[in-house]
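S.K.: Below is one structure. I have some questions about it.
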Amino acid sequence: MKHELTLYCEKNKLAELRTFLDKELSNSGLTDIVKNELILAVEEVCANRIIHSHGCNPSSHLRIKVKKLHHRIIFEIIDSGEAFDMLTYEEPRLKDVIKDKRKGGLGIKLVKTIMDAIEIESKNSHNICRLIKQLNSK
Amino acid sequence: MLEISIQTEKDQTTLILKGQVDASNSVELDEAIGELLNKNHKKILVDGSGLEYISSAGLGVFMSYLEDFEEQKVLFLIYGLSEKVINVFHILGLDQLITIKANKEEALQTIHEA
């Protein structure tokens, strides 16, 4: 089984991503709550890339790989295009989100809270965002 | 896929959400809430019992209206969320900012006591 998906950069493809991830996690032994968290975190990264780095250009695409190891699951989101380092990005404070009536800014906070580790690699317009979840952790 | 229907009963209006809210359709939720505010609805309930999934795009819509609810003295609450959906609100601490009730009965009780 190929644990990889090519996702074209349109917002309406996000449902396809969730279906793929749901299948990948179906025999993982994780609870529905944790599965939903992992799907959400991967989707948040993909939605950010699709909207902010690729401008919803349907001819661009992301590749999503799922690696299930003994004690952890690794999701890789690979694409070309403008790099974005979410590790150095400072998320807005909730009270500022409310005050400014912002509709965005919560996604990266979700990813950082849900995942145990995040790695970003960018080289020659080739970006890899690696989201790592230890099993039996938070 | 998201379906939004609206039910009005006396002075309270319920937005019934069915399906999944993500970046592709959160604008529909945004428009639905915006329209209720424009029409001066003061008691807005969200029936989330059919909500299977919500991403930050959907959460952001609720957050962006919190100031308006306060300014316009709108009573806003969400009820019926499944465990996995309410967990997403918990992760960000949004359950401290938005009134969330377990079911319709509790929601109505809150409305009547207000």
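S.K.: From the list B:Lys10, B:Lys43, B:Lys104, B:Lys73, which residue is basic (Lys, Arg) and at pLDDT below 95?
M.R.: The conditions single out B:Lys10.
S.K.: While we're looking at this one, here's another question. For the range A:9-34, name all the residues that are in contact with a Ser or Thr (Cβ under 7 Å, 6 or more places away or on another chain) and without any contact (Cβ under 8 Å) to a residue 24 or more places away in the chain.
M.R.: A:Asn12
S.K.: Only one of A:Ile98, A:Ile108 is crowded, with 16+ Cβ neighbours inside 10 Å, within 30 Å of B:Val61 (Cβ to Cβ), without any contact (Cβ under 8 Å) to a residue 24 or more places away in the chain and not acidic (Asp, Glu). Can you tell me which?
M.R.: A:Ile98
S.K.: Let me ask another. Output the residue which, of all residues in the range B:70-95 that are closer than 20 Å to B:Thr110 by Cα, not aliphatic (A, V, I, L, M) and not in a loop (DSSP other than H, G, I, E, B), is nearest to the other protein chains (Cβ to nearest Cβ). Break it down into steps so the answer makes sense when it comes.
M.R.: In the first step, residues of the range B:70-95 are kept if they are closer than 20 Å to B:Thr110 by Cα; the result is B:70-82, B:86, B:89, B:94-95.
Cutting the leftovers down to not aliphatic (A, V, I, L, M) gives us B:70-73, B:76, B:79-80, B:82, B:89, B:95.
After this cut, where a residue has to be not in a loop (DSSP other than H, G, I, E, B) as well, the list is B:70-71, B:76, B:79, B:89, B:95.
Details: B:Glu70: 9, B:Glu71: 11, B:Phe76: 13, B:Tyr79: 19, B:Phe89: 11, B:Asp95: 12 Å.
Looking at the filtered set, the residue picked out is B:Glu70.
S.K.: Specify which of the listed residues (B:Glu52, B:Glu35, B:Glu31, B:Glu67) is of a type in the set (D, E, K, R) and assigned to a strand (DSSP E or B).
M.R.: Working: B:Glu35 fails: assigned to a strand (DSSP E or B); B:Glu31 fails: assigned to a strand (DSSP E or B); B:Glu67 fails: assigned to a strand (DSSP E or B).
Step by step, each of B:Glu52, B:Glu35, B:Glu31, B:Glu67 is checked, and only B:Glu52 is of a type in the set (D, E, K, R) and assigned to a strand (DSSP E or B).
S.K.: Among what's in the range B:80-94 and is under 14 Å from the mean Cα position of the chain (by Cα) and of a type outside the set (A, V, I, L, M, F, W, C), pick the residue that is surrounded by the fewest Cβ atoms within 10 Å (Cβ to Cβ).
M.R.: Ranking the qualifying residues of the range B:80-94, first place goes to B:Ser82.
S.K.: Another question about this same structure. For residues in the range A:3-23 being more than 18 Å from B:Asn25 (Cβ to Cβ) and in contact with a strand residue (DSSP E or B) (Cβ under 9 Å, 6 or more places away or on another chain), which is nearest to the other protein chains (Cβ to nearest Cβ)?
M.R.: Restricting to residues being more than 18 Å from B:Asn25 (Cβ to Cβ) and in contact with a strand residue (DSSP E or B) (Cβ under 9 Å, 6 or more places away or on another chain), the top hit is A:Leu21.
The values are calculated or read from the model by the stated rules, or taken from the named source; none is laboratory data. It should be emphasised that the depicted structure is a prediction, and the values quoted were computed from it without experimental measurement. FYI the Cβ positions are ideal-geometry reconstructions off the backbone, even for glycines, and counts take in every protein chain you see.
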